[in-house]
Each structure stands twice: as C-alpha cells, then as structure tokens.
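Structure first, then comments.
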C-alpha cells in the first residue's frame, strides 16, 4: 500500500477503509476507529490510538486554544 491514497466521500459523508488496512487493524467485521480533526485535514488511526497520539503531540490546553483560534470556519471551531 502506498503512503498516499485518494478516497471518495459519499454525499452522506461515508468513506471506506481499504481491505488491507481493515485486516491489519482487525476490522474485517467492522468496528470503531479514531478520527483526529487537524483543521487542515483529518487523520484516521486505530481505535484507542488517537488519544495517545494527541497526548504525545499537544497538551489539552494547547489543543483547546487551537480549536478556539479556528474562527474562519464555525464548524471547525466546535470540534
């Protein structure tokens, strides 16, 4: 699998993970994943990894301040 792939999002906002990723993450029968809204994009990681990753990268206060700074897009400012 290449590091970068293009995906289609349906009109209802749904997206599919490739079969190789679903298998590697033990999601063959479906299940939760963590999605991190970075403002400029989203990052999808195995369930349970999002909180750890954010904790390693950014303090809770810094993240809250960043979200408050997103005044150009009211939808992002509530994330």
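Computed from the coordinates by the stated procedures, all read-outs in this text should not be read as laboratory data. As the structure is a computational prediction, the values presented were derived from the model and not from experiment. Heads up, the Cβs are rebuilt from the backbone with ideal geometry, glycines too, and the neighbour counts pull from every protein chain shown.
With label points built 7 Å along Cα→Cβ from the Cα atoms of residue 47 and residue 6, find their separation and express it in nm.
3.2 nm
Consider the candidate values [x] 37, 31, 23; [y] 34, 22, 22; [z] 52, 28, 15; state which one is Cα extents along the principal axes in Å computed from the structure displayed.
The value computed from this structure is option [x].
Multiplying the sequence separation of residue 37 and residue 16 by 0.36 nm and subtracting their Cα-Cα distance, what value in nm do you get?
My answer for the length gained is 5.8 nm.
Helix-derived [θ] at 222 nm for the chain: sum -39500 (n - 2.57) over DSSP H runs of at least 4, divide by residue count, nearest 500?
Values: 3 runs with 24 residues, N = 79.
Per the formula, -8000 deg cm²/dmol.
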